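Remarks on the structure that follows.
The values are calculated or read from the model by the stated rules, or taken from the named source; none is laboratory data. Since the model is a prediction, treat every value here as computed from it, not as a measurement. Positions of Cβ are generated from backbone atoms using ideal geometry, with glycine treated the same way; all protein chains shown enter the neighbour counts. SASA here: full protein model, heavy atoms, side chains in, ligands and nucleic acids out. Shrake-Rupley method; radii C 1.70, N 1.55, O 1.52, S 1.80 Å.
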Amino acid sequence: MSFGISIEASTNKKQKPDPKNLVFGHHFTDHMFIMDYDAGQGWHNPRIVPYQPIALDPAAKVFHYGQTIFEGLKAFKKADGTVITFRPDKNFERLNRSNERLSVPAIDEKLGLEALRQLLLIDQDWIPEEEGTSLYIRPFVIATEAALGVNPSQKYLFMIIMSPVGSYYKEGINPVKIFVESHYVRAVRGGVGDAKTAGNYAASLKAQEEAHERGYSQVLWLDGVHRKYIEEVGSMNIFFRIGGKVVTPALSGSILDGITRRSIIELLRHWGEPVEERQISIDEVIEAHRNGTLQECFGTGTAAVISPVGELSFNGEKYTIQDGSTGELSKKLYDTLTGIQRGIVEDSLGWMIEIK
Ligand SMILES: *Cc1c(COP(=O)(O)O)cnc(C)c1O
């Protein structure tokens, strides 16, 4: 089914950036997808048009009340030129879970996938082919009704834009230093921590800035009630390997249900490795470090895939993990998942979707 998506091809193709010097999210492809919603009419007029600015009324609700959702996923090009995407169906499912939480009308997931398929086909020359590079895809929804007053918008735009991105790691996979945040909190159960919505990120900037000033690249959030249980990192979920067992915080309602997180759990279980999804306190992690059972720690997310953690800072103390180097399991997971994504490791769990 085509879903009646109209296409206006760009007549003014942009110059593509050097694939060796791609900065995350700075260059955009020649086209974008856009669709309108009006109360009474539903979602309508799905179209692919040349990438361009949009005009919005200054009273558009998104500017004032943050009613907006985003997603992030990647497409890759195999050596034979085939375009493949990593579990895009999961992103459109999650988009609708976020929409539901923010009172945004649901988007037909099949239409979303078809829009993505057509957009990828028209801009497939933008998918970089160098090892470690990919095309980052950003679907998002904004509330556009021009009216001040706190209630769900009567108008929305759904768009998909795409950006060629380089390898997250310039010189191979590199451990990061993480600051365990005990002053600011990100989200609480019952809030919007499990939705991919702008407010969560606006709320995190101050803590991230202060962590940077202290020499740390990211913040590890603790729960907002007890300031004790581990939540997640920036835009990554977090895993620990303690005494041979992999542990990650359970989906409690205040963290994001990461598709990379889910994939890592499925991959580990497929390998027969024990994985526990449960509450884990910072005290348990520190104790494991003290008694020598904390073997590895890594973050998971679409951008970095796997990000090993080489150091944690908590309450003024520094805790080095794996002598600050990449753990064996982190490396194996990174190589396997990126291999599956590039089409050079067998996709035994059926994650990659070919675009044709
Ligand atoms: C996007 C995101 C993640 C990672 O999700 P993936 O689907 O694996 O990319 C984790 N935490 C937060 C807060 C996020 O926004």
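Just the accessible area per residue of the range 228-348, please: how many Å² with a 1.4 Å probe?
Using a 1.4 Å probe on heavy atoms only, each residue of the range 228-348 averages 39 Å².
Among PRO17, PRO175, PRO164, which one shows the highest mean-square fluctuation when the chain is modelled as a Gaussian network with alpha-carbon springs under 10 Å?
PRO17
Just to be sure I understand: with springs between alpha-carbon atoms less than 10 Å apart, which residue in ALA211, ALA198, ALA55 has the highest mean-square fluctuation in the Gaussian network model of the chain?
Taking springs between Cα atoms under 10 Å, the residue moving most is ALA55.
Viscosity 0.890 mPa s, temperature 25 °C: what is the translational diffusion coefficient of the range 291-356 from Stokes-Einstein with a Kirkwood Rh over Cα pairs, rounded to a whole number of µm²/s?
178
Karplus couplings for the range 339-347 from phi (6.51 cos²θ - 1.76 cosθ + 1.60, θ = phi - 60°), rounded to Hz, Gly and Pro as x?
Those phi angles translate into x, 4, 5, 8, x, 10, 10, 4, 8 Hz.
Quick one: what are the phi-derived ³J(HN,Hα) couplings along the range 279-284, Karplus 6.51/-1.76/1.60 with θ = phi - 60°, whole Hz, x for glycine and proline?
5, 9, 8, 5, 4, 5
State the answer as a single residue: which of HIS64, PRO105, ALA9 lies farthest towards the positive end of the charge dipole of the range 6-165, with beta carbon charges of +1 for Lys and Arg and -1 for Asp and Glu, about the Cα centre.
Working it through, the farthest residue towards the positive pole turns out to be HIS64.
Write down the percent of antiparallel bridges among all DSSP beta bridges whose residues are both part of the range 219-302, to the nearest 5. Please report the intermediate quantities before stating the final value.
Working: 13 of 17 bridges.
Beta bridges within the range 219-302, antiparallel portion: roughly 75 percent.
Pull up all non-local amide H partners of ILE242: gap of 5 or more, or a different chain, and H-to-H distance under 5 Å with H placed in the peptide plane.
Sorted by chain and number, the residues that satisfy this are VAL247, GLN295.
At 1.4 Å probe size, with the rest of the protein present, what percent of the exposed accessible area of the range 176-340 is carbon and sulfur atoms?
47
Given the options LEU256, LEU337, LEU148, state which has the largest fluctuation in a GNM of the chain using a 10 Å cut-off (strictly under) for Cα springs.
LEU148
Would you give the gap between the C-alpha center of the range 281-314 and the C-alpha center of the range 1-55, rounded to a whole Å?
Here the two parts' Cα centres lie 39 Å apart.
Could you rank the peptides 56-63, 243-250 by their average count of other C-beta atoms within 10 Å per residue, with the highest value first?
Those peptides, ordered most packed to least, come out 243-250, 56-63.
About the Cα centre, and with charges only on the beta carbon of Lys, Arg (+1) and Asp, Glu (-1), how big is the dipole of the chain? Nearest 20 debye, please.
180
Which net charge results when you count Lys and Arg as +1 and Asp and Glu as -1 among the other residues whose beta-carbon is under 13 Å from that of GLY253? Don't jump to the answer; show the numbers that get you there.
Details: positive: ARG97, ARG101, ARG186, ARG189; negative: ASP194, ASP223, GLU231, GLU232, ASP257.
So the surrounding residues net to -1.
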